[in-house]
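**Q** Here it is, the structure, as structure tokens.
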Amino acid sequence: QVQLVESGGGLVQPGGSLRLSCSTSTIIFSVYDMAWYRQAPGKQRELVADSISRGMTVLADSVMGRFSISRDYANATVYLQMNSLKLEDTAVYYCNARFGTNNHWGQGTQVTVSS
């Protein structure tokens, strides 16, 4: 059973910052690609940032220049640093780990951007 433990969500004003964390086992972390998705009310889940193993990262156009994804191999944790947050970034953010046909999700953490 792959466990992904997320933390770091909350309420923030527009222009503010948050950092999300997702921890898993060292074995999973070293092999799996890790990503962050989000799902806003009434919308489909969408990819926010992807950390492909071997150092490659992909960011959605909507967060380019504001968000970044990074991996801490010592602590088997993937981070999503979110800066210059906008109202439209409000969503439940999900950590994802995938390898081949294996695809696992965290429980989700709420991010609310509101003045």
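**Q** What figure in square angstrom, to the nearest 10, would you give for the accessible area of TYR94 with a 1.4 Å probe?
**A** 40 Å²
**Q** Using just the helices of the chain, give the 222 nm mean residue ellipticity in deg cm²/dmol: DSSP H runs with n ≥ 4 each add -39,500 (n - 2.57), and the total is spread over all residues, rounded to 500. It would help to have the intermediate numbers written out before the result.
**A** On the way: 1 runs with 6 residues, N = 115.
Computed ellipticity for the chain at 222 nm equals -1000 deg cm²/dmol.
**Q** About its Cα centre, how strong a charge dipole does the chain have in debye, to the nearest 20, once Lys and Arg get +1 and Asp and Glu get -1 at the Cβ?
**A** On the way: 9 positive and 8 negative charges, 1 e Å.
Using Cβ point charges on Lys, Arg, Asp and Glu, the chain gives about 0 debye.
**Q** Can you put SER115, SER30 in order of accessible area, largest first, using a 1.4 Å probe?
**A** Values: SER115 125, SER30 60 Å².
Result of the area sort, largest leading: SER115, SER30.
**Q** Charges on Cβ only, +1 for Lys and Arg, -1 for Asp and Glu, centred on the Cα centroid of segment 1-78; of VAL12, ALA40, THR24, which one is farthest towards the dipole's positive end?
**A** VAL12
**Q** What does the charge add up to near LEU47, with Lys and Arg as +1, Asp and Glu as -1, over the other residues with Cβ less than 12 Å from its Cβ? If you can, show how the numbers build up before the last one.
**A** Values: positive: ARG38, ARG45, ARG98; negative: ASP33, GLU46, ASP50, ASP61.
Local net charge: -1.
**Q** Cβ under 13 Å from GLN110's Cβ, GLN110 left aside: what net charge do those residues give with Lys, Arg +1 and Asp, Glu -1? The partial results should precede the final answer.
**A** Working: positive: ARG38; negative: GLU6, ASP89.
Computed value for this residue: -1.
**Q** Next question, about the same structure. Considering the Cα trace of the chain, what is its radius of gyration and what is Dmax, both in angstroms?
**A** For the chain, the Cα-based Rg and Dmax read 13.3, 41 Å.
**Q** Which whole-number value in Å² is the accessible area per residue of the chain, probe 1.4 Å?
**A** Details: 6200 Å² over 115 residues.
Counting only protein heavy atoms, the per-residue value for the chain is 54 Å².
**Q** Another question about this same structure. With a cut-off of at most 16 other beta carbons within 10 Å, and DSSP calling the residue loop, which trypsin sites (Lys or Arg not before Pro) in segment 1-64 qualify? Please list them. Intermediate values should be presented prior to the final figure.
**A** Values: sites: ARG19, ARG38, LYS43, ARG45, ARG54; in loops: LYS43, ARG45, ARG54.
Passing sites in segment 1-64 are LYS43, ARG45, ARG54.
**Q** Determine the share of the chain's accessible area contributed by carbon and sulfur atoms, expressed in whole percent, with a 1.4 angstrom probe. Let's see the in-between values first.
**A** Working: 3080 of 6200 Å².
Carbon plus sulfur share of accessible area: 50 percent.
The values are calculated or read from the model by the stated rules, or taken from the named source; none is laboratory data. Note that this is a predicted model, so its numbers are computed, not measured. Heads up, the Cβs are rebuilt from the backbone with ideal geometry, glycines too, and the neighbour counts pull from every protein chain shown. Heads up: the accessible areas ignore ligands, DNA and RNA and are worked out on the full protein's heavy atoms, side chains in. Shrake-Rupley method; radii C 1.70, N 1.55, O 1.52, S 1.80 Å.
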